[in-house]
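Written below as structure tokens is the structure these notes are about.
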Amino acid sequence: MKDVYILAIESSCDETSMAIVKNGREIESFTVLSQMDVHAEFGGVVPEIASRMHTENITMVLEETLKKSNVKMEEISAIAVTYAPGLLGSLLVGVEFAKTLSLVYKKPLIAVNHTIGHIYANAIENTLEFPLLALVVSGGHTDLILMKGDYDFEILGSTLDDAIGECYDKVARVLGLKYPGGPNVDKLSLEGEDTYPLPKPVNDSTYNFSFSGLKSHVINLVHNETQRGNEIRKSDLAKSFQVTAIDELTRKVELALQNYEVKELIIAGGVSANRYLREEIKKVADRYQIKLSIPKIEYCTDNAAMIGAAAYPLYKQKKFASFDLNPKSQATIVDK
Amino acid sequence: MYTLFIDTHKDCIIIVLYQENQIIIKKEIETKQNHSNATMPVLVESLEQAGIDVQDIKEILVVNGPGSFTGVRIGVTIAKTLAYTLQIPIKTITSLLLKAVSFSHEEVNIIEKEKNGVFIGTFNQNNDLIKPYYYLKTSEYHKQEMDVEDIEIDYERVLQYMKTLEPINPHAVNPLYVKQIEVQNG
């Protein structure tokens, strides 16, 4: 079969990213323009500023992406773009840009769900072996998913309240850490010891998660200690929080591995860049002697390479989008 | 030679296609929500009606605001991407200058209303902007004698005026927002 080159575009939050992906698994060219420094001034992503910067930079990111590769636009098989979920104004810029490329170069347009993109980050330089168990952990998601084939998702469990990434960001804020909070909690915890007793999230036998109790406990603890004039050992608290939160993830993964025969375990989403999670999940995979896939760090955060990988099965199935494609701020992985 | 004009700064998508100096297609489509699902289909339909390919377009003209932030971004993103990929000249015109060039006048304040206020541009008889554009909330705005709001756009005059402008590097084509956003106000 002829090689398939997909030009992928991702602009769902504060990164303008493009990639040329060969056959859904080889990265021919990859660019990420992060706006993180700009948003850090405001303590978080400002949607209007994010949208403005996408519009400013988008043609330059294309130029950069094409420059890094020998693949010409004429050789591209399809244009893929994140259409949901994310910041609407940001998604919109990527979607209109992708439609224009589709029109000019007469290439099919593929609409990709951002969360599914995170899952397919594991298809980069790797062959997914089904059935597989996927743990999706990000600022918006904490899901355990069973996949029996490409785009065949069964959600075994999800968070009942906060997503784990959201919980990390709140804890970062109460510890006085800068945006982006999650990675900074991870970094700080390296210097600490697990000395603060924290409540374990609900110890049940479902595949669901809950993080709001843990989050509230950490916030209250900091407030109470501060009021009493006691000093918080920030790195220890970061470590104790991290151990409690991540152990809850690995415990549910183990439970699923006991009950489902799977060939591979994969981790996806921004929180999959967390060092402690990567270490702990590896121990679980070793214990169950199961193949483990964790994306390289650059494919864990928001990026277009994963969008190109996720577009490939849709390309093979000829599931193309039309010019009236509308971005959506919310979408689940099973509603397409 | 075909010239494509795109204006999405308000609740209406406007596409005009010129062949040399002649308007061959003019579409004004009202949209209820954002322009995302409609702009590209209207553009494609315009090309089909004219019986031309997108590659036949040799120049892009785009309204770069001020107006609806999202609306302007859609038009500008499509326009700069077309110009960049087709390697053709692109020129921008503001929503206020668009009105100013559509009629003969002495010094005039052009008013562009939006949901909560007005954008104002003061032009002389040659359509030179004589002070920077500014924005007033509805409560701060009091109509003056030289204020003009309702102008029917004359797309032939717009084309003639835009012939006098220099093309811009597509990378540098960006919306003009004028209005500050909340986080910038502190």
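The values are calculated or read from the model by the stated rules, or taken from the named source; none is laboratory data. Note that the coordinates shown come from a computational prediction; the quantities given were computed from them, not determined experimentally. Here the Cβ is made from the backbone with ideal geometry for all residues, glycine too, and neighbour counts use every protein chain on show.
Here are some notes:
- Residue satisfying all of: in region B:5-22; among the hydrophobic types (A, V, I, L, M, F, W, C) and farther than 14 Å from B:Ile57 by Cα; surrounded by the most Cβ atoms within 10 Å (Cβ to Cβ) among these: B:Ile13
- Region B:75-97, residues that are within 14 Å of another protein chain (Cβ to nearest Cβ) and of a type outside the set (A, V, I, L, M): B:Gly75, B:Thr77, B:Lys80, B:Thr81, B:Tyr84, B:Thr85, B:Gln87, B:Thr92
- Residues of region B:129-162 classified as modelled with pLDDT under 95 and among the hydroxyl-bearing types (Ser, Thr, Tyr), total: 0
- Residues of region A:264-280 that are closer than 19 Å to A:Glu191 by Cα and buried (at least 21 other Cβ atoms within 10 Å of the Cβ): A:Ala273, A:Asn274, A:Leu277.
- A:Val38 being of a type in the set (A, V, I, L, M, F, W, C) and farther than 29 Å from A:Ile333 by Cα: yes
Each row is one residue, and each column tells you yes or no for (1) assigned to a loop (DSSP other than H, G, I, E, B); (2) out of contact with any Pro (no Cβ under 7 Å at 6 or more places or on another chain); (3) more than 14 Å from chain B (Cβ to nearest Cβ); (4) of a type in the set (A, V, I, L, M, F, W, C).
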| position | (1), (2), (3), (4) |
| --- | --- |
| A:Ala121 | no, no, yes, yes |
| A:Leu144 | no, yes, yes, yes |
| A:Ala172 | no, yes, yes, yes |
| A:Pro183 | no, yes, yes, no |
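- Filtering region A:82-100 to residues that are touching a Phe, Trp or Tyr at 6+ places or on another chain (Cβ under 8 Å) and within 8 Å of chain B (Cβ to nearest Cβ) leaves A:Gly89, A:Val95, A:Lys99.
- Residues of region A:110-139 satisfying the condition of being modelled with pLDDT of 95 or more and small (Gly, Ala, Ser): A:Ala111, A:Gly117, A:Ala121, A:Ala123, A:Ala134
- Checked against (1) within 9 Å of chain B (Cβ to nearest Cβ); (2) over 22 Å from B:Pro41 (Cα atoms); (3) of a type in the set (A, V, I, L, M, F, W, C), A:Val45 meets all criteria but (1).
- The sole residue among B:Leu136, B:Leu176, B:Leu159 that is among the aliphatic types (A, V, I, L, M), over 14 Å from B:Gly65 (Cβ atoms) and touching a residue at least 60 places away in the same chain (Cβ under 8 Å) is B:Leu159.
- Meets criteria (at pLDDT below 95, within 14 Å of chain A (Cβ to nearest Cβ) and surrounded by fewer than 12 Cβ atoms within 10 Å (Cβ to Cβ)) for B:Glu182: yes
- Elements of type strands (runs of 3 or more DSSP E) in region B:1-93, at least 3 residues being hydrophobic (A, V, I, L, M, F, W, C) and touching a residue at least 24 places away in the same chain (Cβ under 8 Å): B:2-7, B:12-19, B:22-30, B:57-63
- Qualifying residue in region A:74-81 (condition: touching a helix residue (DSSP H, G or I) at 6+ places or on another chain (Cβ under 8 Å), within 14 Å of chain B (Cβ to nearest Cβ) and surrounded by fewer than 23 Cβ atoms within 10 Å (Cβ to Cβ)): yes
- Given (1) surrounded by fewer than 20 Cβ atoms within 10 Å (Cβ to Cβ); (2) within 11 Å of another protein chain (Cβ to nearest Cβ); (3) under 17 Å from the mean Cα position of the chain (by Cα), number of the condition A:Leu33 does not satisfy: (2)
- Qualifying strands (runs of 3 or more DSSP E) (wholly inside region B:103-177; at least 3 residues being surrounded by 15 or more Cβ atoms within 10 Å (Cβ to Cβ) and either out of contact with any Leu (no Cβ under 8 Å at 6 or more places or on another chain) or within 14 Å of another protein chain (Cβ to nearest Cβ) (or both)): B:108-114
- Against the numbered list (1) surrounded by fewer than 23 Cβ atoms within 10 Å (Cβ to Cβ); (2) at pLDDT 95 or above; (3) within 14 Å of chain B (Cβ to nearest Cβ), A:Glu28 comes up short only at (3).
- Of the residues making up region A:63-73, one or more are surrounded by 20 or more Cβ atoms within 10 Å (Cβ to Cβ) and either assigned to a helix (DSSP H, G or I) or facing chain B (nearest Cβ under 9 Å) (or both).
- Odd one out for A:Ile155 among (1) crowded, with 22+ Cβ neighbours inside 10 Å; (2) modelled with pLDDT of 95 or more; (3) out of contact with any Leu (no Cβ under 7 Å at 6 or more places or on another chain): (1)
- Test result for A:Ser51, within 11 Å of chain B (Cβ to nearest Cβ), of a type in the set (S, T, N, Q) and crowded, with 22+ Cβ neighbours inside 10 Å: yes
- Total residues in region B:23-52, condition basic (Lys, Arg), out of contact with any Ser or Thr (no Cβ under 8 Å at 6 or more places or on another chain) and either within 14 Å of chain A (Cβ to nearest Cβ) or surrounded by 15 or more Cβ atoms within 10 Å (Cβ to Cβ) (or both): 1
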